[in-house]
Amino acid sequence: MAGSPLRWRIGAPAVVPRVASVFLLGCALALSPACGPAGAADDIGSSSVPGGSFQAVRDALIESIEEEGLVVSAVIPFNDMLQRTAAASASNAASPFVRAEIVQFCSSRIAWQLLAEDRAQIALCPLSISVQQTREAPAQVRLAWRLTGGSTPARAAADALLERLVRRAEALAR
């Protein structure tokens with residue numbers, strides 16, 4: 001139907017690419033080294049493994065997650081998506097990464113704690129840590145993760161788990 005609100009929302013060809021471009025640019029900037037420690041938001045933790053290979057750091061992260069008795073639910077090839085959709089970005093820029101993946105996992109213990117505090121905290125699950133290697137610093141592999149703010153006991157436990165996983169991965173990858 002021509003007057004349908006649904007058609008207007010999702011059928012407007014000029015709007016969809018712009019929205020997708022803004023989303024992709026935001027994702028790329030969130031993971032960009034320009035948003036590293038000096039410019040990082042308070043809700044993003046990051047760490048680098050100088051001289052580490054991407055594969056070694058990725059494998060160490062997965063091993064760290066599994067050593068906690070957790071299961072990796074997904075490994076998202078984020079850089080592949082950026083490369084595939086570069087033409088749709090507002091700047092038509094190439095991906096700033098050589099490789100970038102997001103590793104997702106969940107701790108049922110922490111999930112239950114989060115839900116006991118506030119059911120809306122389901123939005124914090126699954127937990128994720130990205131592994132990145134940039135074009136401008138290919139000899140450095142960066143790990144980045146969303147912090148929960150630690151404002152409640154369950155959020156503090158989630159932040160402590162993320163920090164522990166990253167520190168263990170760093171040690172294994174060196």
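The values are calculated or read from the model by the stated rules, or taken from the named source; none is laboratory data. On a predicted model such as this, the values are computed, not experimentally measured, just so you know. For neighbour counting, all protein chains shown are included, and Cβ atoms are generated from backbone atoms with ideal geometry for every residue, glycine included. Accessible surface areas use protein heavy atoms only, side chains included; no ligands, DNA or RNA. Shrake-Rupley method; radii C 1.70, N 1.55, O 1.52, S 1.80 Å.
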Worksheet item: What strands (runs of 3 or more DSSP E) lie completely within the range 46-141 and have 1 or more residues being crowded, with 20+ Cβ neighbours inside 10 Å?
Response: 97-106, 127-134
Worksheet item: If you check ARG146, ARG155, which single one turns out to be crowded, with 17+ Cβ neighbours inside 10 Å, farther than 19 Å from ALA74 by Cα and basic (Lys, Arg)?
Response: ARG155
Worksheet item: When both residues are 6+ apart or on different chains and their Cβ atoms are under 9 Å apart, which pairs have a first residue that lies in the range 121-136 and is on the phi > 0 side of the Ramachandran plot and without any contact (Cβ under 8 Å) to a residue 24 or more places away in the chain, and a second that is open to solvent by 40 Å² or more (accessible area, probe 1.4 Å) and of a type in the set (Gly, Ala, Ser)?
Response: none
Worksheet item: Quick one: which of SER130, SER151 is of a type in the set (S, T, N, Q) and in contact with a helix residue (DSSP H, G or I) (Cβ under 8 Å, 6 or more places away or on another chain)?
Response: SER130
Item to complete: Taking the options ALA88, ALA56, ALA60, name whichever one is modelled with pLDDT under 95 and in contact with a Leu (Cβ under 9 Å, 6 or more places away or on another chain).
Response: ALA88
Worksheet item: Looking at this structure, is ASP42 loosely packed, with under 13 Cβ neighbours inside 10 Å and under 21 Å from LEU165 (Cβ atoms)?
Response: yes
Discussion item. Quick check on GLU163: is it more than 20 Å from ASP43 (Cα to Cα) and open to solvent by 30 Å² or more (accessible area, probe 1.4 Å)?
Written reply: no
